[in-house]
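> Here it is, the structure, as structure tokens.
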Amino acid sequence: MLIVGLTGGIGAGKSTVAELLASHGAAIVDVDALGREIIAPGGTAVEPVLERFGDQLRGPDGGVDRPALASIVFNDPDELAALNEISHPAINDLLDQRIESIGTAEGTGVVVLDMAVLTESTLGRDTRFPYEVVVTVEAPPDVRLERLIERGMSADDAKARLASQATDEQRREVSNFVIHNGGGTDELADATAQLWDALQRLARERAT
Ligand code: ADP
């Protein structure tokens, strides 16, 4: 099994590449969704988060009120660090469980961790099955902005999200593969098909 960390700035096309890789046969784990799962009703981080940030954040369904939590940690690095200290180990535990169950299923042997936050944390690294290869999807900032606005985000929100993330340079530094997605969807499909060939080669080498 080859475990791949797939990342990229918002609007770069990371989710689109994940979908394309899935169509080639990769197993995808949406790490951002795991972050929501741990604080949803019954999630392992619900009680620790409420203990740290206050029971007023308990939603009517018993999970954590995410918008309220987001407003506490947004623009407050200390509060964000406190949240990450609780959430990241919980996400990594869930990630291990997911990878373990994929490992026993049929598949091409390539597991892709779709994760917006990679360079900034130990998500997907402090695990029993850490990623071994990193792929970054890149697109010029003006193209990303345009795509986000097209997707329904306000220009101000889109700019704030772009500014709050790691830079392409930071991502490139830890990447084994970079996909440039400044062009059209056909070009992206071709680039992803080439990436898929390379990943499969690596997975086969790993298996022998
Ligand atoms: P991310 O997951 O990196 O935030 P997405 O894959 O969701 O980005 O892409 C952002 C938006 O841009 C989506 O609406 C997607 O369909 C669109 N998109 C992605 N790549 C291209 C492309 N090469 N040409 C046109 N639109 C694209």
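The values are calculated or read from the model by the stated rules, or taken from the named source; none is laboratory data. Computed from a prediction, not measured in an experiment: that's the story for all the values here. Neighbour counts are summed over all protein chains in view; Cβ atoms, including those assigned to glycine, are modelled from backbone coordinates with ideal geometry. Accessible surface is based on the protein model in full, side chains and every heavy atom, while ligands, DNA and RNA are left aside. Shrake-Rupley method; radii C 1.70, N 1.55, O 1.52, S 1.80 Å.
> Could you order the peptides 75-85, 41-51 from most to least packed, using the average number of other C-beta atoms within 10 Å per residue?
Packing proxy ranking, top to bottom: 41-51, 75-85.
> For the chain, just list the percent of Cα-Cα distances falling in each 10 Å bin from zero outward, please.
8, 31, 35, 21, 5, 0
> Related question: Taking the chain as a Gaussian network, Cα atoms linked when under 10 Å apart, which of A18, A40, A160 shows the biggest mean-square fluctuation?
A160
> Of all accessible surface on the range 2-207 at a 1.4 Å probe, what whole percent is carbon and sulfur?
49
> Could I ask something else about it? Which net charge results for the neighbourhood of P41, defined as the other residues with beta-carbon distances under 14 angstrom from its beta-carbon, given Lys and Arg at +1 and Asp and Glu at -1?
-1
> With an 8 Å Cα cut-off and a minimum separation of 6 or more residues, compute the relative contact order for the range 2-207 in percent.
36
> Oh, and also: Based on the Cβ-Cβ distance from S154 to R125, what FRET efficiency comes out when R0 is 35 Å, to the nearest 0.05?
E between S154 and R125, to the nearest 0.05, is 0.55.
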